[in-house]
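I have placed the structure first, in the form of structure tokens, so that the comments after it can refer back to it.
Just so it is clear, none of the values below were taken in a lab; they were calculated from the coordinates. Just so it is clear, the structure is predicted and the values come from calculations on it, not from any experiment. Neighbour counts run over all protein chains shown; Cβ positions are idealised from the backbone, glycine included.
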Amino acid sequence: MSSKKDISEKIFSNPKMKEILAIEPRLIPILEEAKKQRNIAGYDRIRTYIRLRNAACNYVGYECENPKLKNSKSYDLIRSAIDDLLPPDNIDKSGQIIRA
């Protein structure tokens with residue numbers, strides 16, 4: 001399993017990601033927030049993901065202003081990055097509570 005640092009380095013070193021962030025630097029704080037997120041009391045991964053994804057939609061994807069980023073490939077890359085950067089919460093995919 002890759003560490004969060006490894007995942008972050010892979011995401012931010014991706015040439016396409018660099019291009020997207022150069023075109024729309026307002027995406028950087030969204031990705032940084034996902035990167036810094038910790039599984040603390042009250043953290044809900046799904047809600048956090050949706051909030052960050054919706055914020056990113058202002059800057060990438062078919063609803064954004066910049067025609068260079070009005071495409072599904074750019075949107076999918078940002079969406080996947082948010083998903084990869086967020087930590088799991090206390091419920092795994094099966095719906096069972098994870099005991100630390």
*Please enumerate the residues belonging to the range 61-85 that are in a helix (DSSP H, G or I), surrounded by 13 or more Cβ atoms within 10 Å (Cβ to Cβ) and of a type outside the set (Phe, Trp, Tyr).*
LEU69, SER74, LEU77, ILE78, ARG79, ALA81, ILE82, ASP83, ASP84, LEU85
*Which ones in the range 26-60 are part of a loop (DSSP other than H, G, I, E, B), among the aliphatic types (A, V, I, L, M) and more than 19 Å from ASN71 (Cα to Cα)?*
ILE40, ALA41
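Could we say that GLY61 is of a type in the set (Gly, Ala, Ser) and either within 19 Å of ILE23 (Cα to Cα) or in contact with an Asp or Glu (Cβ under 7 Å, 6 or more places away or on another chain) (or both) here?
Yes; evaluated as a whole, the condition is true for this residue.
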*Among the residues of the range 13-26, write down those that are in contact with a helix residue (DSSP H, G or I) (Cβ under 8 Å, 6 or more places away or on another chain) and more than 13 Å from SER80 (Cβ to Cβ).*
LYS18, LEU21, ILE23, GLU24
*Considering each residue of the range 1-57, count those that are free of Cβ contacts under 8 Å to residues at least 60 places away in the same chain, surrounded by fewer than 17 Cβ atoms within 10 Å (Cβ to Cβ), among the β-branched types (Val, Ile, Thr) and closer than 28 Å to ILE91 by Cβ, and give that number.*
3
